Amino acid sequence: MSLAPLPEGLKKLGLARWADVVLHFPSRYDNESQVWRLSDVTSGQFAQVQVRIVSSRIVFRPRRMLLVEVEDDTGSALLRFIYFKDAQKNAYAPGQKIRVLGDARQSLAGLEFIHPRVRAGWLSETVILAQPLVPVYPTTAGLSQINLRRWVDRAMQSSMPQEWLPNAFLSENNLLRLPDAIRLIHQPPADAQASGLMQQLIDREGPAWDRIRFDELVAQQLLLRRARLSKKQESACALKSHALASQLQKSLPFQLTGAQSKVWQEISGDLASDAPMQRLLQGDVGSGKTVIAALAAAQAVGSQRQVAVMAPTELLAEQLFEKFSQWLIPLGVEIALLKGGSSARLRRELLSRIQTGEIRVTVGTHALIQKDVAFKELALVIVDEQHRFGVGQRLALRGAMSRDAGERVPHLLGMSATPIPRSLAMTYLADLDVSVLDERPPNRQPITTKLMAASRRDELIDRVKNFIASGGQAYWVCPVIEENREELDRSLQAIETAAQLLGPIFGEQLLVLHGRMSAEEKKLAMASFSRGERRLLLATTVIEVGVDVPKASLMVIEHAERFGLAQLHQLRGRIGRGTAQSTCILLFEEPLSDLAKERLKTLYETDDGFEVARRDLAIRGPGEFLGLRQSGIPALKYSDLQKDAVWVERAIGFGAKLAQALHSPEQLAQLGVEPIAADALLDRWAHGKESLLASG
């Protein structure tokens, strides 16, 4: 069947072809197999009622509207039409029997339906029960449900995908054939309610939805694996000299943990290959990622190549610069910090030394990807807190670095202190190798976390005062810089209010740090706190990452209920870096929401970042957890990594087999899959939509 060009309304929904329309599934269904009495209808409910018309009239206040009063044996209601033709008034004659379907609401005038669907005549109970579910599709302004249903029907007649999985696999996994699954979701049968199928479809459960999820997950695995293969086909500089890295490791005042040694061997092996490394190093706060990054930099520098280290904030870049300098400068390595705000003369000098290759390690923020930054022989890029950078920034970094390496691309090491659960890593990061630091350094003590209501603030202040008097250092963290009474609760303890409260008590011991201070002011403040000249650091979340003061062993977090779980864990990770027992006190305002209770309970029960991450994923879902909405990585459309864990595992396994078999007819035959199936699968899920590639 030949189809006309796709209507413009469908293109506004992000659909590019009729084949895409087939996969535009209903967001819900209207159930026309039940009739409600008016007296039983509640506000906000979708309902179908069989009523008689009492009267109809056109009113002009507050605007021109057609009002139709209706009733049944139990009560009355009002139908309100804002957009109508004058002839419609005559169609609603008193005494006429009609069926009304729509969302009810309670107003001052009583029960109302605004722009409901109206159908002539009443139906018998037998006929009503036989009514099919009516799909309701995601739509946009000017695109009616009637037209959408008609176009979906057309698309299914002409562009229905063919089955590509073998019958044995379908039976083994209790999956429907793909055309049957699609048809069932779009056109549920009349007996759906009696058979229990209706509730399955409404809840997006059962064999039909399992099949859609499986195809989506397998397609994503193929795309990510193709991306990984294309990267592996590129060429990088093999960094085979281990001398400088070995020298650095011997000079460290501590021994690497077992996990650090294992991860370092993985990364060192990658660097020695001429296939570009694409590795994510993840580990809890304080697990020792920075020393692994420094060892990688040493291997690159020892191989006579350059290294770029990119951080999301100036504060974190400065902390990394200090750590790298501490370890690498004694070994004769030239290292520089490139950031915004430097004088033109200093910047020109640094850029010249980078371009000539004199500077071997350059640490910076997004300033590293500006056009005037050129490296002579860059071979390794390290991106810290890589999830904070958008996809565009990471691609720009990779592109900028590649142009300086000629035909070769640099090795890439990403680091994240937000541990990613296995299901999430396997689903979104299948184009990356993932190394995990899951062992706490031996001198690190577990952090004790306590919950305290804000009503006990005075008691807490006395405790902090005694702690500082005995020689301790502490953080006091506030969520905002200044109080905005239009947006925030009056009880919100802004940093300025906290400073007014704590200043007279702690005097010269108090130091204030926030994001509106200049970079130089923040640097001087942190240096003063690090040297122990000030004992209490009152700060905003600028200390979330990159701050390392081993002597600080107490943290108070104001309005902890307003922070996300990952952010609370990151903040808590600023303590527990020395040998002393550390305590984090979460100060909260009452009453707490259920979500806030769940977050605080998690922090109270564990300081294991992987367990925190697992619970955070369960609370927020993968899109929020990875920052997909901000980073440009699309979330899976129909799959839930927690709820559908079984299908995630099966799709990962099958996707791996399919990816390996793509170029082998014999292996495809063993899987029972036609050679064209993989391309068709990718085409179905990727065409006309956001790419499912996780990082380009």
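The values are calculated or read from the model by the stated rules, or taken from the named source; none is laboratory data. None of the values given here were measured: they were computed from a predicted structure. When we count neighbours, we look across all protein chains shown, and the Cβ atoms used for this are built from the backbone with ideal geometry, even at glycine. Accessible surface areas use protein heavy atoms only, side chains included; no ligands, DNA or RNA. Shrake-Rupley method; radii C 1.70, N 1.55, O 1.52, S 1.80 Å.
Please verify whether region 322-334 includes one or more residues that are loosely packed, with under 15 Cβ neighbours inside 10 Å, touching a residue at least 60 places away in the same chain (Cβ under 8 Å) and part of a helix (DSSP H, G or I).
At the first step, the residues of region 322-334 found to be loosely packed, with under 15 Cβ neighbours inside 10 Å are 326, 329-332.
Applying the additional criterion that residues be touching a residue at least 60 places away in the same chain (Cβ under 8 Å) yields 330-331.
In the following step, the residues that additionally are part of a helix (DSSP H, G or I) were identified as 330-331.
Taking every residue of region 322-334 in turn, at least one turns out to be loosely packed, with under 15 Cβ neighbours inside 10 Å, touching a residue at least 60 places away in the same chain (Cβ under 8 Å) and part of a helix (DSSP H, G or I).
This table checks each residue for (1) farther than 28 Å from I128 by Cα; (2) among the charged types (D, E, K, R).
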{"position": "V51", "(1), (2)": "no, no"}
{"position": "S56", "(1), (2)": "no, no"}
{"position": "R61", "(1), (2)": "yes, yes"}
{"position": "E69", "(1), (2)": "no, yes"}
{"position": "D73", "(1), (2)": "no, yes"}
{"position": "A77", "(1), (2)": "no, no"}
{"position": "F81", "(1), (2)": "no, no"}
{"position": "K89", "(1), (2)": "no, yes"}
{"position": "I98", "(1), (2)": "no, no"}
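Regarding L101, is this residue among the aliphatic types (A, V, I, L, M), open to solvent by less than 80 Å² (accessible area, probe 1.4 Å), within 30 Å of K11 (Cβ to Cβ) and at pLDDT below 85?
Answer is no for this residue.
Looking only at region 65-88, count how many residues are at pLDDT 90 or above and either open to solvent by less than 30 Å² (accessible area, probe 1.4 Å) or farther than 17 Å from D103 by Cβ (or both).
Looking only at that region, the number is 16.
If you check every pair at least six apart or on different chains, which have Cβ atoms under 9 Å apart with a residue in region 135-152 that is of a type in the set (K, R) first and a residue that is open to solvent by less than 50 Å² (accessible area, probe 1.4 Å) second?
R149/V134; R149/P135; R149/Y137; R149/H186
For region 124-134, name all the residues that are of a type in the set (G, A, S) and free of Cβ contacts under 8 Å to residues at least 40 places away in the same chain.
The one that is of a type in the set (G, A, S) and free of Cβ contacts under 8 Å to residues at least 40 places away in the same chain: S124.
How many residues does region 342-380 hold that are in contact (Cβ under 8 Å) with a residue 24 or more places away in the chain, open to solvent by 80 Å² or more (accessible area, probe 1.4 Å) and over 33 Å from the mean Cα position of the chain (by Cα)?
Number satisfying all stated conditions: 2.
Among the residues of region 293-304, which ones are more than 26 Å from the chain's Cα centre (by Cα) and crowded, with 23+ Cβ neighbours inside 10 Å?
Within region 293-304, A294, L295, A296, A297, A298, Q299, A300, V301 meet the criteria.
Give the residue, chosen from T579, T602, T606, T583, that is among the β-branched types (V, I, T), free of Cβ contacts under 8 Å to residues at least 40 places away in the same chain, farther than 24 Å from A311 by Cα and open to solvent by 10 Å² or more (accessible area, probe 1.4 Å).
T606
Does region 492-506 include one or more residues that are part of a loop (DSSP other than H, G, I, E, B) and at pLDDT 85 or above? Explain how you work it out, then say what you get.
First pass over region 492-506, keeping only residues part of a loop (DSSP other than H, G, I, E, B): 492-494.
Adding the requirement that they be at pLDDT 85 or above leaves none.
Scanning region 492-506, I find no residue that is part of a loop (DSSP other than H, G, I, E, B) and at pLDDT 85 or above, so the answer is no.
Search region 431-457 for residues that are modelled with pLDDT under 85 and pair each with any residue that is surrounded by fewer than 17 Cβ atoms within 10 Å (Cβ to Cβ) and of a type in the set (V, I, T) when their beta-carbon atoms are under 8 Å apart and the residues are at least 6 apart or on different chains.
Cβ pairs passing all conditions: N443/T579; Q445/T579.
I'm trying to understand the selection: among the residues of region 502-522, which are of a type outside the set (A, V, I, L, M), buried (at least 16 other Cβ atoms within 10 Å of the Cβ) and under 33 Å from the mean Cα position of the chain (by Cα)?
H514, K522
Restricting attention to region 669-681, does a residue exist that is within 30 Å of A454 (Cβ to Cβ), at pLDDT below 80 and either open to solvent by 10 Å² or more (accessible area, probe 1.4 Å) or aliphatic (A, V, I, L, M) (or both)?
No, every residue in region 669-681 fails to be within 30 Å of A454 (Cβ to Cβ), at pLDDT below 80 and either open to solvent by 10 Å² or more (accessible area, probe 1.4 Å) or aliphatic (A, V, I, L, M) (or both).
Can you tell me which condition P161 does not meet? The list is (1) out of contact with any helix residue (DSSP H, G or I) (no Cβ under 8 Å at 6 or more places or on another chain); (2) modelled with pLDDT under 90, and all the others hold.
Evaluating P161 over (1) out of contact with any helix residue (DSSP H, G or I) (no Cβ under 8 Å at 6 or more places or on another chain); (2) modelled with pLDDT under 90 leaves (1) as the failure.
Can you pull out every residue in region 32-50 that is touching a helix residue (DSSP H, G or I) at 6+ places or on another chain (Cβ under 7 Å) and either of a type in the set (A, V, I, L, M, F, W, C) or not in a loop (DSSP other than H, G, I, E, B) (or both)?
V35, V49
Taking region 241-284 as the region of interest, how many residues are part of a helix (DSSP H, G or I) and loosely packed, with under 13 Cβ neighbours inside 10 Å?
6
Considering only residues that are part of a loop (DSSP other than H, G, I, E, B), closer than 30 Å to G196 by Cβ and either open to solvent by 10 Å² or more (accessible area, probe 1.4 Å) or among the β-branched types (V, I, T) (or both), which ones fall in region 1-31?
Listed by number, the residues that qualify are H24, S27.
Considering only region 531-544, I want to know if a residue exists there that is more than 30 Å from T606 (Cβ to Cβ), open to solvent by 30 Å² or more (accessible area, probe 1.4 Å) and in contact with a helix residue (DSSP H, G or I) (Cβ under 6 Å, 6 or more places away or on another chain). I'd like the intermediate steps shown before the answer.
Applying the first criterion (more than 30 Å from T606 (Cβ to Cβ)) to region 531-544 yields 531-534.
Right, trim to open to solvent by 30 Å² or more (accessible area, probe 1.4 Å) and you get 531, 533-534.
Checking which are in contact with a helix residue (DSSP H, G or I) (Cβ under 6 Å, 6 or more places away or on another chain) leaves us with 534.
Taking every residue of region 531-544 in turn, at least one turns out to be more than 30 Å from T606 (Cβ to Cβ), open to solvent by 30 Å² or more (accessible area, probe 1.4 Å) and in contact with a helix residue (DSSP H, G or I) (Cβ under 6 Å, 6 or more places away or on another chain).
Testing V307 on (1) outside any strand (DSSP E or B); (2) buried (at least 21 other Cβ atoms within 10 Å of the Cβ), one condition comes back false. Which one is that?
Failing condition for V307: (1).
When you scan region 216-240, how many residues do you find that are in contact with an Asp or Glu (Cβ under 8 Å, 6 or more places away or on another chain), modelled with pLDDT of 85 or more and open to solvent by 10 Å² or more (accessible area, probe 1.4 Å)?
3
Looking only at helices (runs of 4 or more DSSP H) that lie completely in region 138-199, which have at least 3 residues being under 19 Å from L23 (Cα atoms)?
The qualifying helices (runs of 4 or more DSSP H) are 145-159, 178-186.
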